[in-house]
Amino acid sequence: MADNERGDVLASAAAGDEFAFRRIVAEHHEDMRRVCLAVFRDHALAEEATQAAWLVAWKKLDRVHGPEQLRPWLVSVAVNEAKGLMRKRRRRAEIEVTTDGAHEPGGGDPASHVSSVDLRAAMARLGPDDRSLLAMRYVAGFDSNELSAATGISPSGTRSRIERLLKRLREDLADA
């Protein structure tokens, strides 16, 4: 979709056009869900938070100041909804371990997957705000301007924070 078309769709959706809103949902739902999943590692929570975020978006879409702000705003709404659900549930997130044929008897070396388990454990030790920043950057592919719009931190501040988080993860993985 071209930028001017995105602006028209956003304006129509903000004015109550359900068809335009469905177009926005179709374009952004998966990004929102993937970021929530990366931050909270819970499929049900990610889907529930994304659905709840769409209710918020429908009510507050008129507060978005242009199509370039829409994606960061939607993802941050979804992350905030997930944080609220986590607080309500008062439970710890679980790391989901998937298996594939490489783990079958006679399959590949299970030690080759240790680094991904170590990374998941290191990520789990980060707070939700830090995980959400990394997820928005590396899962959703936000640049520093989009991160700034989503977090309220300056673009240079988001870059510095990400660098500190990556350094912390590297150190944590080196100790593992």
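The values are calculated or read from the model by the stated rules, or taken from the named source; none is laboratory data. These figures come from a predicted structure and were not determined experimentally. All Cβ positions, even for glycine, are placed from backbone atoms using ideal geometry, and neighbour counts span all protein chains on display. Just so you know, the surface numbers come from the protein's heavy atoms only, side chains and all, with ligands and any DNA or RNA stripped out. Shrake-Rupley method; radii C 1.70, N 1.55, O 1.52, S 1.80 Å.
Numbers below:
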item	result
Qualifying residue in the range 149-158 (condition: at pLDDT 90 or above, within 25 Å of Asp3 (Cβ to Cβ) and hydrophobic (A, V, I, L, M, F, W, C))	yes
Of all residues making up the range 12-31, the number that are hydrophobic (A, V, I, L, M, F, W, C), open to solvent by 60 Å² or more (accessible area, probe 1.4 Å) and in a helix (DSSP H, G or I)	2
Test result for Arg6, at pLDDT below 90, assigned to a helix (DSSP H, G or I) and open to solvent by 90 Å² or more (accessible area, probe 1.4 Å)	no
Residue satisfying condition, being under 19 Å from the mean Cα position of the chain (by Cα) and at pLDDT below 90, within set Arg91, Arg137, Arg71, Arg120	Arg120
Residue count for the range 32-59, restricted to those that are open to solvent by less than 70 Å² (accessible area, probe 1.4 Å) and among the acidic types (Asp, Glu)	2
